[in-house]
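The structure under discussion appears below in the form of structure tokens.
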Amino acid sequence: MKQLVLDIGLATGPTLASFFPGANQAVLRHLELCTSDSSAQVDATAQPSYLWGESGSGKTHLLQAVREALREQGCRTGWLDAHTVQPMAFDERWVAVLMDDVHLFSPAQQALAFNWIINAMSPASGSPRWVLAAGETPPADLPLRDDLRTRLGWGHVFQLHLLDEPERRAVLRKEAQERGIALGDDVVDFMLKRFSRDLGSLMQLLDHLDSFALRTQRAITIPLLKTMLESE
């Protein structure tokens, strides 16, 4: 059985509330503080924040969740990732700049990221803007130009840890229960052993499985899961 890795995009609606922290409680608390309306937010965002961890640890979920939290407050943000084709120039109306997968940035993207950081943190631009970035390695190990790598490591640095199997199992059960899905132990075991350990991918697999079960009017079983995969 091939490993299934599904792309997680904005359509899934990542939020800080839907992030299962596991050993990442400190990261979540920091981001909740940075997106709050309290006076403590000013102190929390005065320095850049950098998240690092291997693929599937939740970096993109958290950055997208931060963007959504700020959007709900009527705030504008700049977004740059390795797949951005037409990046924007720095906008003075932004309250934060968010940069994902910085370890994959091209030379041109690195130059733009450095420009954004300089503009965001410049006293001449008024109140400093928050800089939140994420990559797969600690700042010192990033394959980036020296000035960008140094600035990404200036402030708060957090390592994100993958959820262990009992935690992923708990999340799957919780999400299934909230959807009204009867998910047997055998199905959970199958999902955890045969598919990506990326929690986001497992959640999207659960969404696909739920929709397929509704369309076919069948209970969720391992044979149903195999039938769904064969039909795609």
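Worth a mention:
- Within the range 182-215, tally of residues that are among the basic types (Lys, Arg) and in contact with an Asp or Glu (Cβ under 9 Å, 6 or more places away or on another chain): 1
- When the criteria are applied in full, residue 57 meets the requirement of being in a loop (DSSP other than H, G, I, E, B), in the same structural domain as residue 135 (by TED's automatic domain parsing) and surrounded by 20 or more Cβ atoms within 10 Å (Cβ to Cβ).
- Scanning the range 190-232 for residues that are of a type in the set (Lys, Arg) and under 15 Å from residue 164 (Cα atoms), we see that the one that is surrounded by the most Cβ atoms within 10 Å (Cβ to Cβ) is 197.
- Sole residue being modelled with pLDDT of 95 or more, surrounded by fewer than 20 Cβ atoms within 10 Å (Cβ to Cβ), touching a helix residue (DSSP H, G or I) at 6+ places or on another chain (Cβ under 8 Å) and of a type in the set (Gly, Ala, Ser), chosen from 133, 111, 140: 140
- Residue 149 under 19 Å from residue 59 (Cα atoms) and modelled with pLDDT under 95: no
The values are calculated or read from the model by the stated rules, or taken from the named source; none is laboratory data. Every value quoted in this text rests on a predicted model; they were computed, and no experiment measured them. Neighbour counts are summed over all protein chains in view; Cβ atoms, including those assigned to glycine, are modelled from backbone coordinates with ideal geometry.
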